[in-house]
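Worksheet: the structure to be examined is printed underneath.
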Amino acid sequence: MIRALPFAILLLLGGCGGGGAPDNGLDTLDAQLTRANATDPAVTAALQDQIMVDPTLTSQANGDAVRPPDRPYSAAAPAPTVAAGSAAPEEALQSAPAPGACPSCKGGREALTLGELASVQRGGNRQCATKVGYSAGWANRLPAAFALHPDARVTEAAGTDADGCRLRVVSFAIAQPVGRMVDWFYTRATKGGYSAEHQADGDQHVLGGTRGNAAYAVFLSPEGQGTSVDLVVDGG
């Protein structure tokens, strides 16, 4: 048993590497893989060929960057669309005649409701004026000759179709000067077959006329940089 100890000690010392440097397993594996790949042309080409890059896309490949690209993406944007009729040419206006005296201007200024305003127009239908109901929907039920100006901002509207009446009263504001709006209504009225008389009292203007049994009156006053308009149409 004692004689076996020196042999066991020698085995332990050999296991500790006292006889030489250890073989590095990773280096050996790399060498083997390199020799194996060298014999396969496809693998060699995949590892050694230059990577192909599209130069037109490299500047846009910043999706995960902290900062955005230094220019927007170059994808084409669709052309904007324009709603039909939204860019209609402006109507050529006729000049209204010079104004005369305005006996109805005072009544128009003192009217407290659209019904009262309808009753003060010359030849106005007072019986129908007492039957009007108030609703913004009446502004869309005007005769074609007096359809609202595209830029009108309606503040109040009233009307009635009761008992044979066909009365419409609309108040609105518009960012146009008084003189231009007088010409606008004069042009619309005469094209619609109505007569047109222009009256004024100071800065208030009234345009009115008839076509058969139908009649209209427009009260116009300056308001800021625009015009305040009260439109009364009876029949038509």
When region 182-226 is checked residue by residue, the ones that are buried (at least 22 other Cβ atoms within 10 Å of the Cβ), out of contact with any Phe, Trp or Tyr (no Cβ under 9 Å at 6 or more places or on another chain) and modelled with pLDDT of 95 or more are 182, 184, 186
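What do you reckon, is residue 233 within 24 Å of residue 99 (Cβ to Cβ), touching a residue at least 12 places away in the same chain (Cβ under 8 Å) and part of a strand (DSSP E or B)? Write out each step before concluding.
Values: within 24 Å of residue 99 (Cβ to Cβ): yes; touching a residue at least 12 places away in the same chain (Cβ under 8 Å): yes; part of a strand (DSSP E or B): yes.
Yes.
I need the full set of residues from region 206-226 which are under 14 Å from residue 176 (Cα atoms), out of contact with any Ser or Thr (no Cβ under 7 Å at 6 or more places or on another chain) and not charged (D, E, K, R), in order please.
Across region 206-226, the qualifying residues are 222, 224, 225, 226.
Suppose we filter 199, 176 for residues that are in contact with a Gly (Cβ under 7 Å, 6 or more places away or on another chain) and assigned to a strand (DSSP E or B); which single one remains?
199
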Specify the residue that is surrounded by the most Cβ atoms within 10 Å (Cβ to Cβ); the eligible residues are those in region 136-149 that are touching a residue at least 60 places away in the same chain (Cβ under 8 Å) and part of a loop (DSSP other than H, G, I, E, B).
142
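The values are calculated or read from the model by the stated rules, or taken from the named source; none is laboratory data. Given the structure is predicted, the values throughout are model-derived calculations rather than measurements. Heads up, the Cβs are rebuilt from the backbone with ideal geometry, glycines too, and the neighbour counts pull from every protein chain shown.
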